[in-house]
Amino acid sequence: MGTAAASAAVLPDTVFPTASPPVDDAPIRAIADAFLTTWNEHDMAAFAALYADDADFVNVYGLWWTGRQAIEDAHVATHVSIFRSSTLALTKPHAIRFIAADVALCRTHWSLTGIQTRSGDAAPDRHGRLLHVLKHNGARWQIVATQNTDISPMP
């Protein structure tokens, strides 16, 4: 028997967890849906309430906001300007993966319409993906990190 096979044979069962991940992803879906709803209502206080106090948000341009208040402030600024008439829509069902009983990843495919330039002209629609990391804090699920990515045509 080779060393790799011998090593694999002596590994304890705990290296390969057999417990099933949580199957109730409804709370995660509800938060992902609330992200879209609060965006479309331009209610950035409710939007920010989806986040933990010490959450991080990286937008499509790589700007990185740390903390719920910074996330709210940045989104308030854009929702009174370029996103004031925008609509964020889901283009595929949310993809959810539990990486622990109290930690989940949620991927959302989105389209954004009604964008305006800083001068108020219509801007092109955009499409992208969000990755939310959510953690259950003992009382409820909250977003602890978001990475937003625009989908660009391949060169």
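The values are calculated or read from the model by the stated rules, or taken from the named source; none is laboratory data. No experiment lies behind these values; they were computed from the predicted model shown. Quick reminder, even Gly has a Cβ in these numbers, built from the backbone with ideal geometry, and neighbours come from all protein chains shown. Protein only, heavy atoms only, side chains kept; ligands, DNA and RNA dropped before computing areas. Shrake-Rupley method; radii C 1.70, N 1.55, O 1.52, S 1.80 Å.
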- request: Would you point out which residue out of 101, 52, 74 is at pLDDT 95 or above, over 15 Å from the mean Cα position of the chain (by Cα) and of a type in the set (A, V, I, L, M, F, W, C)?
  value: 74
query: Can you tell which of 101, 123, 139, 49 is within 27 Å of residue 24 (Cβ to Cβ), among the small types (Gly, Ala, Ser) and open to solvent by less than 60 Å² (accessible area, probe 1.4 Å)?
result: 49
- request: Return the pairs, sorted by first residue and then second, in which the second residue is open to solvent by 40 Å² or more (accessible area, probe 1.4 Å) and part of a loop (DSSP other than H, G, I, E, B), the first residue lies in the range 77-98 and is closer than 15 Å to residue 42 by Cβ and modelled with pLDDT of 95 or more, the beta carbons are less than 8 Å apart, and the residues are 6+ apart or on different chains.
  value: 79/42; 81/118; 82/117; 82/118; 83/42; 84/42
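Return a yes/no flag: does the range 27-39 have any residue that is among the hydroxyl-bearing types (Ser, Thr, Tyr), on the phi < 0 side of the Ramachandran plot, part of a helix (DSSP H, G or I) and open to solvent by less than 30 Å² (accessible area, probe 1.4 Å).
Yes, the range 27-39 contains at least one residue that is among the hydroxyl-bearing types (Ser, Thr, Tyr), on the phi < 0 side of the Ramachandran plot, part of a helix (DSSP H, G or I) and open to solvent by less than 30 Å² (accessible area, probe 1.4 Å).
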- prompt: Taking residue 146, is it of a type in the set (Val, Ile, Thr), under 22 Å from residue 28 (Cβ atoms) and buried (at least 17 other Cβ atoms within 10 Å of the Cβ)?
  reply: yes
task: Could you pull out the residue among 107, 129 that is charged (D, E, K, R), in a strand (DSSP E or B), in contact (Cβ under 8 Å) with a residue 24 or more places away in the chain and on the phi < 0 side of the Ramachandran plot?
output: 107
